[in-house]
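Asks: Before anything else, here's the structure in question.
Bear in mind these aren't lab numbers, they're just calculated from the coordinates by the rules spelled out. From a predicted model like this one, the values you see are computed outputs, not experimental measurements. Because the Cβ atoms are built from the backbone with ideal geometry, glycine has one as well, and the counts that use them run over all protein chains shown.
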Amino acid sequence: MNCVPRCQLLSAFAIACALQAGPSCATELVYTPINPTFGGNPNNAPGLLAQANAQNKYKAPVKSDLDAFNDNLQKAILSRLSSQALTNLFGKGSTLAPGNYDTGAFTITVTDIGNGILKILTTDKSTGSVVSFEVGSASLNGVP
């Protein structure tokens, strides 16, 4: 019998606390993205970039001066060959001579197949893949 008044007292206390709390207010939960790319606050961008850079384990390979020079030379040769092919394609005089051109990564074979048409065959030395195309100003000028 000692428990009944105690249980009633606890129940009354709980009800009194609930009534004193008053009405509770609730609002909608709204998701706001953090990343500014997806609509978040633009001020978050520097912090997110710093975290991404701190986690990035990739380091660019360091090239020697000789490797950089070789890459630039190869690009210059390919650029010159492509501009000569384009010059030939659009009807201006071409200095692209038939023969083999060797760069560090590519072998380029230029063959005169007649009627002012040149066949250009580019072979990637590392993979063996081959790309071939033909250019000629004679076919553009209406000469068969």
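Asks: Each residue of segment 52-67 in turn: what ³J(HN,Hα) in whole Hz from Karplus with 6.51, -1.76, 1.60 and θ = phi - 60°, glycine and Pro shown as x?
Replies: After applying 6.51 cos²θ - 1.76 cosθ + 1.60, I find 5, 5, 5, 8, 6, 9, 6, 10, 5, x, 8, 9, 6, 4, 5, 4 Hz.
Asks: Quick one: if the Förster radius is 30 Å, what FRET efficiency do Asp124 and Thr37 give, using the C-beta to C-beta distance and rounding to 0.05?
Replies: In this case the efficiency is close to 0.25.
Asks: Would you order Ser126, Ser132 from fewest to most other beta-carbon atoms within 10 Å of each residue's own beta-carbon?
Replies: With the fewest neighbours first, Ser126, Ser132 line up as Ser126, Ser132.
Asks: Another question, if that's okay. Can you list residues whose amide H is under 5 Å from Phe106's amide H, if they're 5+ apart or on another chain and H is modeled 1.01 Å from N?
Replies: The answer is Lys125.
Asks: Give me Cys7, Cys25 sorted ascending by neighbouring Cβ count inside 10 Å, so fewest comes first.
Replies: Ordered by Cβ neighbours within 10 Å, fewest first: Cys25, Cys7.
Asks: Separate question: Each residue of segment 35-50 in order: what ³J(HN,Hα) in whole Hz does its phi give by Karplus 6.51 cos²θ - 1.76 cosθ + 1.60, θ = phi - 60°, with x for Gly and Pro?
Replies: Karplus-based 3J(HN,Hα) across segment 35-50 equals 6, x, 4, 9, x, x, 5, x, 6, 7, 4, x, x, 5, 5, 5 Hz.
Asks: For Gly136, list long-range residues whose amide hydrogen, built 1.01 Å from N in the peptide plane, is under 5 Å from its own amide hydrogen.
Replies: Under 5 Å from the amide H of Gly136 lie the amide H atoms of Leu118, each far enough along the sequence or on another chain.
Asks: Return the distance in nm (one decimal) between the two label points of a simple spin-label model at Thr107 and Gln55, each offset 7 Å from Cα along Cα→Cβ.
Replies: That separation, rounded to one decimal, is 4.7 nm.
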